[in-house]
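Take a look at the structure below.
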Amino acid sequence: MIPEIGLAALWLAAALSVLQMVAGGLSMREKGVGEGSPFALYARPAAVVQAVLAVLAFTALLYAFAVTDLSVKLVATNSHSEKPFLYKLTGTWGNHEGSMLLWVAVLALSGGLLGGLERRLPEHTMQAALAVQGFVALGFYAFLIGSSNPFERLPVPAAEGIGLNPLLQDIGLALHPPTLYVGYVGLSVAFSLAMGALITRQVTPEFARVMRPWVLGAWVFLTLGITAGSYWAYYELGWGGWWFWDPVENSSLMPWLAATALLHSVSVLAARDALRTWTIMLGVLAFSMSMLGTFLVRSGILTSVHAFAVDPERGTFILILLLIYIGGALGIFAARASAVAEGKTFAITSREGALVFNNVMLTAILAIVLLGTLYPLLTEAFDVRVSVGPPYFNPASALFAVPMFLVMAIGPLLRWKQDKAGRINRELAALIAIFVVGLVLIGLLAETSVLALIGLAFSAGLAIAAFLPLRGRKLGRVPIAVWGMILAHFGVAVALFGMASESAFTEEKLAAISAGETTKVGEWDVTLGSINAIAGPNWTAMEARLSVSRDGSSADTLTPQARAFWSPSQATSESALLTKWDGQLYATIGQSVGLDDEGKERWQLRIWWKPFVTFIWYGGVLIALGGFLAMIGRVRDDLRKRKAVKRRVEEREDMAELAGKAEPAE
Amino acid sequence: MNRILYLIPLGLFAFIAGLGGYMLTQTKDDAIPSQMIAKPLPEFDLPPATEGVEGLSSSDFVGGGPKLLNLWASWCPPCIAEAPHLETLKEAGAPIYGIAMRDTPEDVAAFLANHGNPYEAIAHDKISAIQFELGSSGLPETFVIDGDGVIRYQHIGDIRKEHVPMLLDLLEQAK
């Protein structure tokens, strides 16, 4: 019964998306009097109720997974009655249909929040935005119901489920996809608002101020999702790397790059009424990248470690959706953009100039990543198989990241509209000095690659530059949004430091040792204590007990496992991590490789010492936190301003009323 | 000027969508062809695996028509499964040469007694050296070698009934 309720809710939500689209569209046609149109009444409630229904549908699927309802096909193929409860729940989105339902639920929720909360825009722009949001949602409901129905029943209930891919049976999966999806799909609001503003020709600073918190919100979740995903890949896959330039990772990075560019350009539009068309373009681009990523991942045309069940029919369906939405949006953009005047001009050495530079660099990196992701597809069309990896992505993106970081250091110090480079001479000199000293020191002390060297020197300069905007200000009076910017820029420096340090100083050791033997990795002594067979709820494993110590200090124990899951049967490598303030020791155990001279069994161990690797994720969290502060700050300032305006209006009305009455009230 | 500029994103997207659409119509072939194909056999010279059989060296594959090289072991269960199909291949006229991995003469003799001997010669590779050189990671595997000692095909896993005509075909083509 519950799955049927879910399916019914999904159909109803789809019907409401039609209402939202039509009502929004019709009310918009009555120019200027959107509020007065009878249709205008419907779009907002339709969005809100639709959100409730879509979330209800998702809850129904969650329930089916929680109780392992094996008459539902999706549960039978992706769950198992004896799986730990948490992984039953997370299994809901560990598959194609369930994750698409989550996608759609978040889409509806974003639309609902937009319809329910946003009251700052001119009503006919708002109606247009809601119509677009309803139109986008409709396509994805059709996709879900038509070709990926998550609630499909089996004619005969299965006796037992097939189980969830063991790699996904991890706490990381509980958090990472939902966070990422909120980010991806949250960008749909930016898309709808951008389209709404473009259609109604309302690309104004006021519009930018409204759009900014929505972009920031989605961006915060996207940042957290990517950070969590990177950490999950790092410890769960057991390969010791934190970023693999896998198509699916790239698919999450591309919307992030576009959204990062967007939130900077939207600030220019809000503050200075410049970059109008560019901001609209980025608003369209960010969500388009989300949809393109979904297509690349789900259609199976690219080979990735994130293998979803591949189905060309689904691929075709999503491609048609892309053609309608991205093609339509870019078509309207091409037709309308020239009607939106470019806005105010500014000098190159100004805050806007720096932000434009940052935007161009971010977009260039986006193009680099997009090209690298699609290149295998392009060559495959000519029957040549290639795979594109770090040797392309790292230097190509660094080519644009390096100048971007340079400008990021000084941009926040510049004034709006026009500035002289001479005004910030001292700061500039100090930053260059830090950078050069760092470069020379590290270059002399350590043998590293050029990129890592530049990264380390940059991170030092950027970390200090991040706080320079505070100079000469009273700390108590610095707006929250500025603190957000400082924190986010500092986070970039921290993450960059982690990345550079990891690539420059990692020590790796592959050893085959028997119990009682010791091997050395960097400053660490690793002794294999014993190897024991252990069993979990749905797996058995060989577990190594490693005793590790640095320079003879007290020993810690690490227990990496080689797990064998049953149902579905698959082997995974569970790494063991020891986190210290200055890095992580990372150990995995491989296979038994025969006996040593004394007849004791030897085991493969792979151990890394990764100095300051954790800073990558600390940095990611700081960046997200900065975005969160900026969002809070902007919303609060805006509400305060509105309250003041409202109070003034009320006062004036009261005065008028008082003047009109003969005798004042008691 | 600006109008053309604004059309660029649409053009780029049309290209990407076209590429995606074209690739959707293509059947995806995930098989990775062996890197050893079209390369000559690595050099080796191995002793017989048990009494009464001949040893094998890479020079035995040069001249005298195409041959099958079968990597196997007496301790490998899928090798038992493929034994009858090797027999069929032999009856169809395919010359089969075997290399047993990490085996003992007694076990090899017992295996041949139980499951038949389709081999022209069986060499012993005590440390799987030739297996690694051939880029093989499991047993059994079968290579089609042409008359010049060049590898033409690598079959990973046991030979099943349906593979027999294909292998005979490949031997024919290698002539």
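Nothing in this text is a laboratory measurement; each read-out follows from the coordinates by a stated rule. Remember, predicted model here, so these are calculated numbers, not experimental data. FYI the Cβ positions are ideal-geometry reconstructions off the backbone, even for glycines, and counts take in every protein chain you see.
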**Item:** All Cα pairs of segment B:96-156, percent lying beyond 17 Å
**Value:** 44 percent
**Whole-number D in µm²/s for chain A (Stokes-Einstein; Kirkwood sum over Cα pairs; 20 °C, 1.002 mPa s)** = 78 µm²/s
**Request:** Take B:148, A:419 and order them by how many other Cβ atoms sit within 10 Å, fewest up front.
**Result:** B:148, A:419
**Item:** By average C-beta atoms within 10 angstrom, highest first, the peptides A:440-451, A:455-466
**Value:** A:455-466, A:440-451
**Averaged over B:8-19, number of beta-carbon atoms from partner chains that fall within 10 Å** = 6
**Prompt:** When Lys and Arg each count +1 and Asp and Glu each count -1, what net charge do the other residues less than 12 Å away from residue B:128, Cβ to Cβ, add up to?
**Reply:** -2
**Complete:** Here the net charge surrounding residue A:589, from other residues whose Cβ is less than 9 Å away from its Cβ (Lys, Arg +1; Asp, Glu -1), is -1
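Ranked from highest to lowest mean number of other Cβ atoms within 10 Å per residue, what is the order of the peptides A:176-182, A:159-165? Don't skip to the end; give the middle numbers.
Numbers: A:176-182: 22.4, A:159-165: 17.9.
Taking the mean over residues of other Cβ atoms within 10 Å, the ranking is A:176-182, A:159-165.
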**Message:** When a/c reaches 1.5 or more, the comparison of a/b and b/c decides; with that in mind, is segment A:144-272 rounded, prolate or oblate per its Cα gyration tensor?
**Reply:** oblate
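So what is Rg over Rh here for segment A:436-508, counting just Cα atoms and using Kirkwood for Rh?
Computed over Cα atoms, the ratio is 1.11.
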**Message:** Suppose every Lys and Arg Cβ carries +1 and every Asp and Glu Cβ carries -1, with no other charges. What dipole size does segment A:156-312 come out with about its Cα centre, to the nearest 20 debye?
**Reply:** 740 debye
**Complete:** In debye to the nearest 20, the charge dipole size for chain B, taken about the Cα centre with +1 at each Lys and Arg Cβ and -1 at each Asp and Glu Cβ, equals 1020 debye
**Item:** Shape category assigned to segment A:535-666 from the gyration tensor of Cα positions, a/c cut at 1.5
**Value:** prolate
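So, counting K/R as plus one and D/E as minus one, what does the shell of residues with Cβ under 12 Å around residue B:60 add up to?
Residues close to residue B:60 contribute a combined charge of -3.
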**Asked** Under a point spin-label approximation (7 Å from Cα along Cα-to-Cβ), what is the residue A:657-residue A:534 distance to one decimal in nm?
**Response** 7.1 nm
**Asked** Can you give the Kirkwood hydrodynamic radius of segment A:474-520 from its Cα pairs, in Å with one decimal?
**Response** 14.7 Å
**Asked** Sorting B:71, A:399 on the 10 Å Cβ count, fewest up front, what's the list?
**Response** A:399, B:71
**Message:** Please report the spacing between the Cα centers of segment A:184-248 and segment A:471-543 in Å, no decimals.
**Reply:** 25 Å
**Asked** Per-residue HN-Hα couplings for segment A:321-330, Karplus 6.51 cos²θ - 1.76 cosθ + 1.60 at θ = phi - 60°, whole Hz, x for Gly and Pro?
**Response** 4, 4, 4, 5, 7, 5, x, x, 5, 5
**Prompt:** Which of the lysines could a cross-linker span from residue A:520 if the Cα-Cα distance has to be under 17 Å and same-chain partners fewer than 8 positions apart are dropped?
**Reply:** A:509, A:610
**Asked** Over all residues in A:321-329, what is the mean tally of Cβ atoms on other chains that come within 10 Å of each residue's Cβ?
**Response** 3
**Fill in**
Candidate span helices, chain B: DSSP H, at least 18 Å along axis from Cα coords, Kyte-Doolittle average at least -1.0, result B:2-25, B:77-91
**Item:** Per-residue HN-Hα couplings for segment A:632-642 [Karplus 6.51, -1.76, 1.60; θ = phi - 60°; Hz; x = Gly/Pro]
**Value:** 4, x, 5, 5, 5, 4, 5, 5, 4, 4, 5
**Message:** Taking the number of other C-beta atoms within 10 Å as the exposure measure, put A:569, B:136 in order starting with the fewest.
**Reply:** A:569, B:136
**Fill in**
Partner shielding of A:331-337, taken as the mean number of other chain Cβ atoms within 10 Å, equals 4
**Prompt:** When the Karplus curve 6.51 cos²θ - 1.76 cosθ + 1.60 is applied with θ = phi - 60°, which whole-Hz ³J(HN,Hα) does each residue of segment A:88-94 get, with x for Gly and Pro?
**Reply:** 5, 5, 5, x, 4, 10, x
**Message:** On alpha carbon coordinates alone, what is the Rg over Rh value for segment B:1-144, Rh being the Kirkwood radius?
**Reply:** 1.33
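May I ask you to list the GluC sites (Glu not before Pro) in segment A:497-536 that are in a DSSP loop and have at most 16 other Cβ atoms within 10 Å of their Cβ?
Hits after loop and neighbour filter: A:517, A:523.
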